[in-house]
Amino acid sequence: DPSVAGPGTHTIYANNMASTYAFVTSGTFNRVAPPGTETTLSLGKDTQSAILSTANGFFDFDYFGTTYNQLRIGSNGIVGIGTGTVTSASNTTLPTAGAPNNIIAAIWDDMTGTGTIKYWTIGSAPSRVFIVDFSLFRSGGLYASIAQVKLYESTNIIEIHTQTALFATNGNSATQGIENSGGT
C-alpha cells in the first residue's frame, strides 16, 4: 500500500514474483502535449473505447508477467490492459477481486460531466511511450481531473501523473493505482 509505505522505492510481491516500484509525491507534472496526431475519444457516461491495439499505436507490454498488445480506455478514468470491460462507475480501494480487473486507475471515479480523453504514441520502437490523457469534468463545470497515464515500451514502466483532482466540494473520492487480472 503506497499510502502506508510512503515515498521511495519499494518491493512488492505478487504470485511469488518480486517487483520494484517507486512512489513519488514531489516534483512537477510536466504534461506531455499532444503531438497533433492524437486520437480524441468520444465516450459517454460509464462507457469505454473499442479495443485498441498495435494498429492504434499500442505495443507489446508486460503487465504483471503477461504480455498484452491490446487495451481499453474507460470514461471514468481507467485504462484496462487487455480486452476486459472498464465501464465501472463505482470506484473502490485497490486491490479488489471485483470487476474491473487488470486496470490502471488514473483517476477512477464516476465522472458525471463532460471532458476529453485523448491517446497517442511518441518515440520509435523499441522505446515508444503510449500516453492516455484524461481531462474529465464533473457536472457544473468543476474540474474533476487532469491526468496522464504513460506506458513505456520495453521497460514496461507505468507512470500516473495527476495535475488536478478536485473532489472536495461534493465529498467524492477517486482511486489511483494498478491491479492485476486476479484483482490482487
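The values are calculated or read from the model by the stated rules, or taken from the named source; none is laboratory data. None of the values given here were measured: they were computed from a predicted structure. Here the Cβ positions follow ideal geometry from the backbone for every residue, glycine too, while neighbour counts run over all protein chains shown. Areas reflect the complete protein model, heavy atoms only, side chains present, ligands, DNA and RNA absent. Shrake-Rupley method; radii C 1.70, N 1.55, O 1.52, S 1.80 Å.
Considered as a group, the residues in the range 96-116 that are open to solvent by 10 Å² or more (accessible area, probe 1.4 Å) and assigned to a strand (DSSP E or B) include one that is nearest to TYR68 (Cα to Cα), and that residue is THR116.
Can we say THR93 is farther than 19 Å from VAL129 by Cα, out of contact with any His (no Cβ under 8 Å at 6 or more places or on another chain) and surrounded by 14 or more Cβ atoms within 10 Å (Cβ to Cβ)? Break it down into steps so the answer makes sense when it comes.
Values: farther than 19 Å from VAL129 by Cα: yes; out of contact with any His (no Cβ under 8 Å at 6 or more places or on another chain): yes; surrounded by 14 or more Cβ atoms within 10 Å (Cβ to Cβ): no.
Spelling it out, it is not the case that THR93 is farther than 19 Å from VAL129 by Cα, out of contact with any His (no Cβ under 8 Å at 6 or more places or on another chain) and surrounded by 14 or more Cβ atoms within 10 Å (Cβ to Cβ).
From the list VAL32, VAL79, the one residue that fits, being part of a loop (DSSP other than H, G, I, E, B) and out of contact with any Pro (no Cβ under 9 Å at 6 or more places or on another chain), is VAL32.
Regarding LEU71, is this residue closer than 15 Å to ASP133 by Cβ and either at pLDDT 95 or above or among the aliphatic types (A, V, I, L, M) (or both)? The answer is yes for LEU71. If you go through the range 31-67 and pick out every residue that is open to solvent by 40 Å² or more (accessible area, probe 1.4 Å) and without any contact (Cβ under 8 Å) to a residue 24 or more places away in the chain, you end up with 7.
Pairing residues of the range 107-134 that are at pLDDT 90 or above with residues that are charged (D, E, K, R) and surrounded by 21 or more Cβ atoms within 10 Å (Cβ to Cβ), at Cβ distances under 6 Å and at least 6 apart in sequence or on separate chains, gives LYS118/ASP133.
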